[in-house]
1. Just checking, does the stretch 554-562 include any residue being open to solvent by 50 Å² or more (accessible area, probe 1.4 Å), part of a helix (DSSP H, G or I) and among the acidic types (D, E)?
2. Restricting to the stretch 505-526, what's the tally of residues that are farther than 14 Å from A428 by Cβ and either among the hydrophobic types (A, V, I, L, M, F, W, C) or part of a helix (DSSP H, G or I) (or both)?
3. Quick check: is even one residue across the stretch 266-284 among the acidic types (D, E) and in contact with a helix residue (DSSP H, G or I) (Cβ under 6 Å, 6 or more places away or on another chain)?
4. Limited to the stretch 711-725, what total is found for residues that are in a loop (DSSP other than H, G, I, E, B) and either without any contact (Cβ under 8 Å) to a residue 24 or more places away in the chain or closer than 15 Å to S640 by Cα (or both)?
5. Inside the stretch 826-842, can you point out the residues that are free of Cβ contacts under 8 Å to residues at least 40 places away in the same chain and open to solvent by 30 Å² or more (accessible area, probe 1.4 Å)?
6. Do you know which residues across the stretch 601-641 are open to solvent by less than 70 Å² (accessible area, probe 1.4 Å), assigned to a loop (DSSP other than H, G, I, E, B) and modelled with pLDDT of 90 or more?
7. Y569 passes all but one of (1) of a type in the set (S, T, Y); (2) surrounded by 22 or more Cβ atoms within 10 Å (Cβ to Cβ); (3) not in a helix (DSSP H, G or I); which number fails?
8. Which residue, of G78, G115, G73, G109, is at positive phi, more than 34 Å from the chain's Cα centre (by Cα) and either of a type outside the set (D, E, K, R) or open to solvent by less than 10 Å² (accessible area, probe 1.4 Å) (or both)?
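The values are calculated or read from the model by the stated rules, or taken from the named source; none is laboratory data. As the structure is a prediction and not an experimental result, all values here were calculated from the model. For neighbour counting, all protein chains shown are included, and Cβ atoms are generated from backbone atoms with ideal geometry for every residue, glycine included. For accessibility, only protein heavy atoms count, side chains too; no ligands or nucleic acids. Shrake-Rupley method; radii C 1.70, N 1.55, O 1.52, S 1.80 Å.
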Amino acid sequence: MIPSAQSATAAPRSSASLRERLQQGRHELRQRYGADGNARRMLQQHRLLIDRTLRSLWQEADLPGSLALAAVGGYGRGELFPYSDVDLLVLLPHEPDAALKAKLEALIGGLWDAGLEPGHGVRTIEECVSESAKDITVQTSLLEARWLAGSRSLFTAFNGAMREHLNPQTFFQSKRLEQEQRYGKFQESPYSLEPNLKEAPGGLRDLQAILWISRAAGLGDDWMQLAARELITAAEARQLASYQKFLSELRIRLHYIAGRREDRLLFDYQSGLAAQFGYTDTPTKRASEQLMQRYYRTAKAITQLNTLLLQNIAVQLLSGEDAEPEILNERFQATHELLEARDAALFERQPGAILESFLLLQQHHELKGISAPTLRALWRARARIDARFRRDPANRALFLQILQQPQGLVHALRRMNQYAILGRYLPAFGRIVGQMQYDLFHAYTVDQHILTVVRNLRRFTMVEFAHEYPQCSRLMAGFERHWLLYVAALFHDIAKGRGGDHSRLGMQDARSFCRAHGLTREDTELVVFLVEHHLSMSAVAQKQDLSDPGTISAFAATAKTERRLTALYLLTVADVRGTSPKVWNAWKGKLLEDLFLLARRLLRGDSIGFEQDIQAKQDEALRLLRLYALSDEVKDRLWSQLDVAYFLRHDAQDIAWQTRTLHYRVDTERPVVKARLSPIGEGLQVMIYTRDQRDLFARICGYFEQINYSIADARIHTTRHGYALDTFLLLGPGNHPHYRDMINLIEINLADRLQQQTPLHPPSRGRVSRQLKHFPITPEVNIRPDEKGTSYALSILAGDRPGLLYAIALVLGKYNINLITAKIVTLGERAEDVFLISGAALANPRTVLQLESDLLDALQHQ
C-alpha cells in the first residue's frame, strides 16, 4: 500500500493547465445542467471529463505498462456527482520498489494539484482479495471497478479474481445486514425533517444496494433486467427508474446549491431547491414543504420496492428447493419465512384480511415479512379500506387486537404506515403523513414522531430496556390495559396542521375512535384526558415552581386520579424523548419525576404541607453528614442563616453537600465555588457562595457563556446575613463533554472573577443556528405578579443562542431586579425561560413597560 501523498513530490508540469481545463469543464457542465436539467447526461459527461483528466495524468506519470488504473465505487459505475470523491484503484502486479513508490506518490500529488479529490487505494490483486474478504464496503466498491488506463490484462485478472472469490449468498446477507444497520442510524424511517437523501431509508443507497446484490448474483444490471427475471413487474421497474432520476436530480442540485459534497436536505437548502424544481408558496403550504412531501412519497415507495426486491432475491439465492408451505389458517400460509395469502384475490374478496395479515405477523415471530405477491395484492387493495370497512365491527376488533398484542406493535404500525394502511384506517393519521413541523425542536415529521412515541412507550414494557428509565418501566408493569397509552399516543398530535389547538381537536378524534371501537367509558375518558393534556405535565415541570404547594395541588387537581397521573407521566416522558435527541436530558427527566412523585403523594391522601417535608429533608441531610463523621452541630451556623424557601427548593443531598462545604466558612470574605458531577447523571452542579454583589447573576452567566456551558437550572437564594447561595446545573457542549476535567477550572476561575468583580463584558451577538436563520422566532416578554403579590413571574420566549441568558441578566441588573429562581427551558432551538423576580422597579407600571422593551431589544439582537 502507498500512503496518501498530496504534497509528496512535484506534480507534472501540466497539472496547472489540467486544473484550469477541469474547472472550465465543470463550469460548463453546471451551465448546461442548469439549462436542460438532464441528470443522466450530466453524470455521464462529468465522468468522461474526469476520465480524460486522469488518463492525461497517468500518461505523464511515466509509470510501467504493467500497472493499471481503475475507477471504483460511484465513479466506477459512472455516477459521479458534482462534489463526490473520485474513487480510484491503482493495481500493481507485485509489491513496489522505492523508485515505483516515488512515481506513485508523484501521481497522487498530481491528482490533488489538478483539482481532483481522490479517494485512492494502491494494491496488488492479492491485497484486493484479502481486503474484500474483511470489509463488505471495500468489496462492494471494487466490484464496480472500471478500467481507465494501463494494463488491461492486469485489470482482467483482477476482475476474474474478484468474481472467483465472490459468494453471492454471503454478499447478499452482508448487504442486508449493512442495510439494517444503516436503517438503525436513521430510526428506521425516511421521515426526518432534514433527511440524508443518500443514506437514509428510501434514499439512493437503497436503490444501489439492490443493484449491487443483483449484479453479484448475476440477476441483472438494471431495473428492466430485474423485471425480465420476474423479480419485479415492468411497471415497478419504470417506477424505480423514475425515483432514481428524481433523487439524482435532487442530489446534483443539492451539491451545486451547497457548493460542496452535501447529502442532507438541510433547511438551508430546501427553499432554494424547491424554487429550482418549480414549486411556489401557496396559502396553505410553503414551496419547501411541497418538495419535501414529494421526497417523502418517493422515499416511502423506494422502501416498499426495496423490501419486495430483497425478499424475491432472497428466495432465489437462499431458499434452495421449494419448501412446503405451512398453513396458518384458511386464508394465510407461511412460505420461506414469509406470510403469504393462499388466494391471490383474498384482499379483494375479504378486505378484513388486510388487518389480519399484520396481526398474524405479530403473532408468528418466525415470520420475517410478507411475500412479494401478497405485498402487491395488499397495496392494490388498500382502497378497499373505506368508510364501510372502518364501520365493520370485525375490522375494529382486529385493529384493537393489533394494539393489544404483547409483541410486534411498533413493527406492525410502521409496516401499516409504509403501505398506506394506517392512514386509510385512520384518515386523520393519513392527513399528517409526511407533514413537516417548523417548531425548531421536532426532528421528525408528525407521523414519524407519533410512531416514535409509541415505540418509546413499548420500550417501557420490555425487560431489556428497563435500565433506561426504571421508574417508567415499574409503572408500566403495574398499569392495567397499558395498550390504552398507545391509543393516546396515536392521537396526541394527530390534529396538527389543521389550525386551532391540536390538543383539543385531537381529543375529539380520540373520543370518536374510542366510542366507535367499544371502549368503556372509563377507558375512553382516560384516552381523551391524555390527548387533551399531553403538554400539561411538561409545561408545569419545566416552567413552574415545584417547591410551591399551590403548583402541585393545581396539577394534582387536573389529574384527579393516580391512574390518570401515571398515564400522563408515561406519555409525557415518551413524547418529550420522541421529539428530538437534542430535547431530552436527565434534568428534564428529574423535573418530570419530581412532579409525578409530589402529585402522587397528594392523590394518595398524603400531606405535602411542607413543614413535615422540610423536617424530613433536614433529618436525611443530617444522616448524610454523619457518614462524613460530622456531628449534628456543624449545621447550626449555616442553617440559622437559611429560611424556609431554601429547604423547600433543595433536596437532602444538596443540603448535606452545601452544609459540608460551608459549615466552617459561613462568614468567609472569599467567594466559595464548588462543583461536582450532577447527581442526576448528566451535567455539572455548581454551588456559589459569596457576599451578595451587584450584577452577580450576570457575572456568573457571563463566565458560563465564555466556557461554552449552558445553564439548565438556577436556584438563587440570599441568606439572612446577606450572602448569595446559588446553585446551577450546567450542560456542556457536544455529545460527550468532559465534565470531570472542568471542575477545578470552574472552581478557581469563577471564584477569582467574583472576588475581583471584573467588569462585565458587552453581550455578544452569538452564533445563530441555521434553523433559526430560516425559521426565526419573534421574541416575547411577559411580566406579571404572582398570586401572592410578593414577586413577579418573567416569561421569555426567544430563539436560543449563545449568550442569551447573559444578555437577559444584564438587563435585569440594570433595573436592580433580584432573581429568586430561574427555570431555563430549551426545546431544540427554542428558549422558553421563566424567572421569579422581585425589586422596587416592578411596582411602577411605566418602569415595567420599559424593562419589557429593553428585554425585547436584547432578545432581538441576534
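1. Checked against the condition, which is being open to solvent by 50 Å² or more (accessible area, probe 1.4 Å), part of a helix (DSSP H, G or I) and among the acidic types (D, E), the stretch 554-562 yields at least one hit.
2. 8
3. Among the residues of the stretch 266-284, at least one is among the acidic types (D, E) and in contact with a helix residue (DSSP H, G or I) (Cβ under 6 Å, 6 or more places away or on another chain), which makes the answer yes.
4. Number satisfying all stated conditions: 5.
5. Result: A840, single match.
6. Scanning the stretch 601-641 gives L630, S631, S640, Q641.
7. The one condition Y569 does not meet is (3).
8. Details: G78 fails: more than 34 Å from the chain's Cα centre (by Cα); G73 fails: more than 34 Å from the chain's Cα centre (by Cα); G109 fails: at positive phi.
Within the list G78, G115, G73, G109, the selection yields G115.
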